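Structure first, then comments.
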Amino acid sequence: MKPKETESTSVLADASERGSSELSRRSFFKRTAVMGAAGLIATGGLTSLASALTKPKFKLAEERDRESSGITKMDRDILVAAEIAEALAVTTYSHIINVAPFFTRLESDDQGYLEAALQEEMSHYLLEQTVTDQNTPFTKFFYPFNMFTDAQTTLNTLVSLEDAFIAAYLVGVRDFSTPDLRVTSARIMGIESDHRTLARVVGPGVSPQDGGPIEMITGFQGVAESVDPPNNNGYERTLCLSRIDQAVQALLPFVDLNAAKGAGFDTSRTFPFENFTPTLPNPLGDFVSFSGC
């Protein structure tokens, strides 16, 4: 079945080629750093629990760059980028559930996946927030045109975001300064992988009234891929990201007005991130500790 053409197809993959991207990226980091510093001044550092959990067991040369709170600048950069990503994920899932017409016509198990993913993404955000002791510096997001009215656009964008989140957490696996943070990054990345697969499961369940069944979904790499099978990865895709600033680049159209315009997003409105207390689907899958026990 030929994939339905939408304005979101390959938009994330193409965003890095836009002329305004480099300026937007510098602006993004500058604004994030300023907001982060203000948050630290106001709160006075990490919680004692997070400080203890991230305290390194061995003294390394790079520890001269470690904050008094116990994490390095690179740790903080990765964690703040992850907070922004998780806030974006929460906003995406919540608006699919509350706004998208096609959601109401999905089978109950597909609705349940989306509802559970919302709780999980919120849990990830709050966990990261305990380590940085600061909130996401971005709380309103732009999306492609027809994001929550056209099911193909919604699923293309959702899978693209999950692709980017997986790759970003793999950067954390590589670059976090402590084993506990690296293991935690891998644990979150595994859940984002579940979300990617299950988002692809939803496609064939989209009602004909909403343009379904959707048999092809275009993710971050800009290639329309069959949803059969939905778990089509033998290995997680790194997207060749090796630094957290490359991962941030993928988020720019969602948070920066100029980048959103360059990517062809709808800049006439934004969608707010709303904080809430999550309830995970199963207590056996809850977070126990940073060491993974």
Any hit, the range 252-272, residues being in contact with a helix residue (DSSP H, G or I) (Cβ under 9 Å, 6 or more places away or on another chain), free of Cβ contacts under 8 Å to residues at least 40 places away in the same chain and of a type in the set (A, V, I, L, M): no
Residues being of a type in the set (Asp, Glu) and part of a loop (DSSP other than H, G, I, E, B) - total across the range 227-251: 2
Search result, residues across the range 276-293 that are among the aromatic types (Phe, Trp, Tyr) and either over 11 Å from THR184 (Cβ atoms) or modelled with pLDDT of 95 or more (or both): PHE276
Looking only at the range 138-190, and only at residues there that are part of a helix (DSSP H, G or I) and of a type in the set (D, E, K, R), the one that is farthest from GLN221 (Cα to Cα): ASP180
The listed residue being within 21 Å of the chain's Cα centre (by Cα) and under 24 Å from LEU118 (Cα atoms), out of ASN231, ASN258: ASN231
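Conditions tested, residue by residue: (1) in contact with a Phe, Trp or Tyr (Cβ under 6 Å, 6 or more places away or on another chain); (2) over 26 Å from SER291 (Cβ atoms); (3) modelled with pLDDT of 95 or more.
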{"residue": "ALA164", "(1), (2), (3)": "yes, yes, yes"}
{"residue": "ARG182", "(1), (2), (3)": "yes, no, yes"}
{"residue": "GLY190", "(1), (2), (3)": "no, no, yes"}
{"residue": "THR218", "(1), (2), (3)": "no, yes, yes"}
Close pairs (7 angstrom Cβ cut-off, 6 or more residues apart or separate chains): of a type in the set (S, T, N, Q) in the range 219-233, part of a strand (DSSP E or B) and surrounded by fewer than 17 Cβ atoms within 10 Å (Cβ to Cβ) anywhere: ASN232/GLU225
Which numbered condition VAL248 fails, given (1) at pLDDT below 95; (2) more than 23 Å from LEU127 (Cα to Cα): (2)
Residue check for THR92: modelled with pLDDT of 95 or more, of a type outside the set (D, E, K, R) and surrounded by fewer than 13 Cβ atoms within 10 Å (Cβ to Cβ): no
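Just the residues that are charged (D, E, K, R) and either under 23 Å from SER108 (Cα atoms) or exposed (fewer than 15 other Cβ atoms within 10 Å of the Cβ) (or both), please, taken from the range 180-224. Write out each step before concluding.
Just the residues of the range 180-224 that are charged (D, E, K, R), to begin with: 180, 182, 187, 192, 194, 196, 200, 210, 215.
The answer is GLU192, ASP194, ARG196, ARG200, ASP210, GLU215.
The values are calculated or read from the model by the stated rules, or taken from the named source; none is laboratory data. Keep in mind the model is a prediction, meaning the values are calculated, not measured. Ideal geometry is used to build each Cβ from the backbone, glycine not excepted, and the neighbour counts take in all protein chains shown.
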